[in-house]
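Q: Handing you a structure now.
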Amino acid sequence: MTIRVDEKTKVLVQGITGHQGAFHALRMMEYGTRVVAGTSPGKGGESIDGIPVYETVEACVQRHGANASALFVPAPFVKDAAFEAMGAGIRLLVIVSEHVPLHDTLDILAYAKDTGSYVVGPNTFGIIVPEQCKIGIMPDHIYRSGSIGLVSRSGTLSYEIAYSLVEDGWGISMAVGIGGDAVVGLSYIDVLKWMEQDEETEAITLIGEIGGSAEEEAAEFIKTMRKPVVAYVAGQTAPEGKRMGHAGAIIERGRGTYRAKCEALEEGGAQVAAFPWEVPDLVRQCLAI
Amino acid sequence: MRLYEYMAKNMLADYGIPIPKSRVVTSVDEAVETADDFGVPVVLKAQVLSGGRGKAGGIQFAETPRIAGENAQTLLASEIGGHRVETLLVEERLDIDREWYLGIIIDTASKSPVVMASAQGGVEIETVPDRNIFRATIDTKWGLFRYQMRALTTDMGISGVAARQVQTIAIALYRLFRREDALMAEINPLALCGDEVVAADARLTLDDDSRFRHRDWPDTEAFGEIGARIAELGLSYVPLAGDVAVLANGAGATMATMDALAHFGADPMNFLDVGGGADREKMGEALRLLASTDPKVILINVFGGITRCDELAQMVVDAKASGVLEAPLVIRLSGTNEDEGRDILEAAGLNAFNHLDQAARRAAELVGEGGADDNSSG
């Protein structure tokens, strides 16, 4: 299993009878994703738009060969759902749910390490390979297939930048949301490593924000990359000590500042855009050389 | 959520960590009475969440109840970090022989809790050279072992009974860290007083996302009445000091909106993220609450993903019609159902920009012009 999803990936939706789960299961299916089954405790035997609903992940794996899961369950139940999926042999989990307690995330990621599972998120918009497959909640009509890889902590900002790239004539090879929480599974580096190898991808756009040290760690890895990286970091004007929406977006005791991130990324060899609307031009400059 | 020192210390005591004899007071009389009851020199500590309390004069020593009263009077009339001091912690004054630092944080790179300790306590840990900070990574599956803490106390140069006490306190602090869903737990200084080790000061940050399993938690960080009402809507809000009220969808996109505004010379008055599938009523209520904070300009930046532009446009038109939006509106609309959204706005005499830079520039210009209304049917 890799994070490369395609039209053959068999996706299960945990929490499929909920408002978000039902809506996005259908959107994913319409986009071409093979959504084979869903779970919802107490609702086994029902179906959502023709997708069979089961009590357990085990049943979805046994009867439909599900090999990836999108989690839409409410935050208090995410830990249970994630352990269930990994216990049943699922090795790619996309945790869309937000507000998952951080200590639950630590336990989920420890079990992922033990079982060799990839966890994307929590609080992620998911993964999309345009015109093939999406697992997540992104508005898919804005993407077009192409050569730019996109990796981001935030959702809307990445849609905005994807849209401006497509408007400018570019296409997207793959877009991955690593999630807005302070601790997440898949890291920028995991995605960059993959995109560096990916034949479809020619350049990468990394979208970061203040807080934590993920961008700085990514900058170290960018030094070793052949493909050009254009980065943008949100939160230039955010005050210290205030959590800006995302649990991870907080400058604490002078750590995780905009300046430190931009300097690290530049030093790592990335082109850093001061504003989202500068990204397409920088991508063009990188690929022209 | 950060806890006040007295709340943090009560929690430490619940987990068996020794704290100084203390009492919470809110008046001069109570302070005098407490100092009298204790019958020893005391220290009065302003209960505020901002750092640098000592430097700001928030900690006062008093040899007698009379001096305690005078200090309480001064402290209760003061402001620290922009917050009025309303509560004091009166503690017996400790006779400290040595000061250490003990903290637990979550290392986002290793995705594990890490114990941090230093023999240089009583100062901000950021000022301590890295070589003087000792660390132990915890595997959450197994917990914190005493041998790990034995190594730490050895590195810190602590021996004998004190070493064992510090180890026990660290293990208790980790138990608290996990059970109480803490994001950061810090005892600084951890003080050696004679042959007893005491938590002389403490800082705790708890995970708001785990509130559902800690129903008894207080709320220390509500941002005023507007903040509390927006929080009830399930939206994310932070008040700031500028002139332009900002409503956007998505945390990253909201920050980018603020950054764009600043670039064109205007300051945001707030952070408000209405993303995450908020419905029309909730967004409308949030917009009305924002308008009530008396902004010079209101900037709405929506890139429609899950949030649909037509829903957003209808919400804005309804709010405008209800007459609560006095400040000029600048709207940027793009993405899902953009054309439908634009039609709804135009029918109501409103218009929207396509791109963020255009909208941010216009909002900044309007602040410069003193907020003349350019986007309404009058």
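Q: Residues that are within 14 Å of chain B (Cβ to nearest Cβ), closer than 30 Å to B:Gln358 by Cβ and not hydrophobic (A, V, I, L, M, F, W, C): list the strands (runs of 3 or more DSSP E) wholly contained in region A:188-289 that include at least 2 such residues.
A: Strands (runs of 3 or more DSSP E) meeting the threshold: A:203-209.
Q: Any residue at all in region B:291-313 that is over 24 Å from B:Glu232 (Cβ atoms) and touching a His at 6+ places or on another chain (Cβ under 8 Å)?
A: no
Q: Sort out which residues of region A:146-162 are more than 7 Å from chain B (Cβ to nearest Cβ) and not small (Gly, Ala, Ser), and write them in order of number.
A: Listed by number, the residues that qualify are A:Ile148, A:Leu150, A:Val151, A:Ile161.
Q: Right, another one. Tell me, yes or no, whether region B:173-185 has at least one residue that is among the aromatic types (Phe, Trp, Tyr) and assigned to a helix (DSSP H, G or I).
A: Among the residues of region B:173-185, at least one is among the aromatic types (Phe, Trp, Tyr) and assigned to a helix (DSSP H, G or I), which makes the answer yes.
Q: I'd like the full set of residues that are in a loop (DSSP other than H, G, I, E, B), surrounded by fewer than 18 Cβ atoms within 10 Å (Cβ to Cβ) and at negative phi, limited to region B:2-17.
A: B:Tyr15, the sole residue that qualifies.
Q: Moving on to the next point. Sort through B:Ala56, B:Ala31, B:Ala68 and tell me the only one that's assigned to a loop (DSSP other than H, G, I, E, B) and either more than 30 Å from B:Arg175 (Cβ to Cβ) or touching a Ser or Thr at 6+ places or on another chain (Cβ under 6 Å) (or both).
A: B:Ala56
Q: Now, a different point. So, in region B:257-282, of the ones that are touching a residue at least 40 places away in the same chain (Cβ under 8 Å), of a type in the set (A, V, I, L, M, F, W, C) and out of contact with any Lys or Arg (no Cβ under 6 Å at 6 or more places or on another chain), which residue ends up farthest from the other protein chains (Cβ to nearest Cβ)?
A: B:Ala278
Q: With the checklist (1) more than 30 Å from the chain's Cα centre (by Cα); (2) touching a residue at least 60 places away in the same chain (Cβ under 8 Å) in hand, flag the one item B:Leu356 doesn't pass.
A: That leaves (1) as the condition not met.
Q: May I ask you to say which residue of A:Ile137, A:Ile142 is closer than 24 Å to B:Gly275 by Cα and within 14 Å of the chain's Cα centre (by Cα)?
A: A:Ile137
Q: Taking the residues in region B:120-151 that are over 26 Å from A:Ala214 (Cα atoms) and out of contact with any helix residue (DSSP H, G or I) (no Cβ under 7 Å at 6 or more places or on another chain) as candidates, determine which candidate is farthest from the other protein chains (Cβ to nearest Cβ).
A: If we take residues in region B:120-151 being over 26 Å from A:Ala214 (Cα atoms) and out of contact with any helix residue (DSSP H, G or I) (no Cβ under 7 Å at 6 or more places or on another chain), then B:Ala151 is farthest from the other protein chains (Cβ to nearest Cβ).
Q: Hey, does region B:335-355 have a residue that's more than 28 Å from A:Leu26 (Cα to Cα), crowded, with 17+ Cβ neighbours inside 10 Å, within 14 Å of chain A (Cβ to nearest Cβ) and in contact with a strand residue (DSSP E or B) (Cβ under 6 Å, 6 or more places away or on another chain)?
A: yes
Q: Another question, if that's okay. Whether any residue in region B:239-259 is in contact with a Gly (Cβ under 7 Å, 6 or more places away or on another chain) and within 19 Å of B:Gly82 (Cα to Cα) is what I want to check.
A: Within region B:239-259 (the criterion being in contact with a Gly (Cβ under 7 Å, 6 or more places away or on another chain) and within 19 Å of B:Gly82 (Cα to Cα)), the answer is yes, since at least one residue qualifies.
Q: Is it the case, given these coordinates, that B:Ala56 is in contact with a strand residue (DSSP E or B) (Cβ under 9 Å, 6 or more places away or on another chain), buried (at least 19 other Cβ atoms within 10 Å of the Cβ) and on the phi < 0 side of the Ramachandran plot?
A: Here the answer is no, as B:Ala56 does not meet what is asked.
Q: If you go through region B:71-114, how many residues are in a loop (DSSP other than H, G, I, E, B), surrounded by 16 or more Cβ atoms within 10 Å (Cβ to Cβ) and over 26 Å from the mean Cα position of the chain (by Cα)?
A: 1
Q: Which one is surrounded by the most Cβ atoms within 10 Å (Cβ to Cβ) among residues in region A:89-107 that are more than 10 Å from chain B (Cβ to nearest Cβ) and touching a strand residue (DSSP E or B) at 6+ places or on another chain (Cβ under 9 Å)?
A: A:Val94
Q: Right, next: Filter region B:190-228 down to the residues that are surrounded by 21 or more Cβ atoms within 10 Å (Cβ to Cβ) and closer than 22 Å to A:Arg253 by Cα and list them by number.
A: Result: B:Leu190, B:Ala199, B:Ala200, B:Asp201, B:Ala202, B:Leu204, B:Leu206, B:Asp207, B:Asp209.
Q: A further question on this structure: Which one of these does B:Val198 not meet: (1) in contact with a Pro (Cβ under 6 Å, 6 or more places away or on another chain); (2) away from chain A (no Cβ under 13 Å); (3) farther than 30 Å from B:Lys9 by Cβ?
A: Of (1) in contact with a Pro (Cβ under 6 Å, 6 or more places away or on another chain); (2) away from chain A (no Cβ under 13 Å); (3) farther than 30 Å from B:Lys9 by Cβ, only one is false for B:Val198: (3).
Q: Check B:Gly252, B:Gly275 and return the single one that is within 24 Å of A:Ile207 (Cα to Cα), in contact with a strand residue (DSSP E or B) (Cβ under 9 Å, 6 or more places away or on another chain) and assigned to a helix (DSSP H, G or I).
A: Matching residue, one of B:Gly252, B:Gly275: B:Gly252.
Q: I'm trying to understand the selection: among the residues of region B:103-119, which are of a type outside the set (S, T, N, Q) and facing chain A (nearest Cβ under 10 Å)?
A: If the condition is that a residue be of a type outside the set (S, T, N, Q) and facing chain A (nearest Cβ under 10 Å), then B:Ile105, B:Ile106, B:Asp107, B:Ala109, B:Lys111, B:Pro113 are the ones that fit.
Q: Additional query: Being assigned by TED's automatic domain parsing to the domain that holds B:Ala251, in a helix (DSSP H, G or I) and either surrounded by fewer than 23 Cβ atoms within 10 Å (Cβ to Cβ) or of a type outside the set (Gly, Ala, Ser) (or both) narrows it down to one residue among B:Glu281, B:Glu326; which is it?
A: B:Glu281
Q: Residues A:Thr201, A:Thr224: which one is surrounded by fewer than 19 Cβ atoms within 10 Å (Cβ to Cβ) and among the hydroxyl-bearing types (Ser, Thr, Tyr)?
A: A:Thr224
Q: Next question. Going by the structure shown, is B:Arg342 basic (Lys, Arg) and within 21 Å of B:Leu290 (Cα to Cα)?
A: Considered against the rule, which asks whether it is basic (Lys, Arg) and within 21 Å of B:Leu290 (Cα to Cα), B:Arg342 comes out as no.
Q: Report whether or not B:Arg2 is modelled with pLDDT under 95, in contact with a Leu (Cβ under 8 Å, 6 or more places away or on another chain) and of a type in the set (Lys, Arg).
A: Yes; evaluated as a whole, the condition is true for this residue.
Q: Run B:Phe61 past the list (1) outside the structural domain of B:Asp201 (by TED's automatic domain parsing); (2) buried (at least 19 other Cβ atoms within 10 Å of the Cβ); (3) part of a strand (DSSP E or B) and report the number of the one that doesn't hold.
A: (2)
The values are calculated or read from the model by the stated rules, or taken from the named source; none is laboratory data. All values derive from a computational prediction rather than experimental measurement. All Cβ positions, glycine included, derive from the backbone under ideal geometry; neighbour counts span all protein chains shown.
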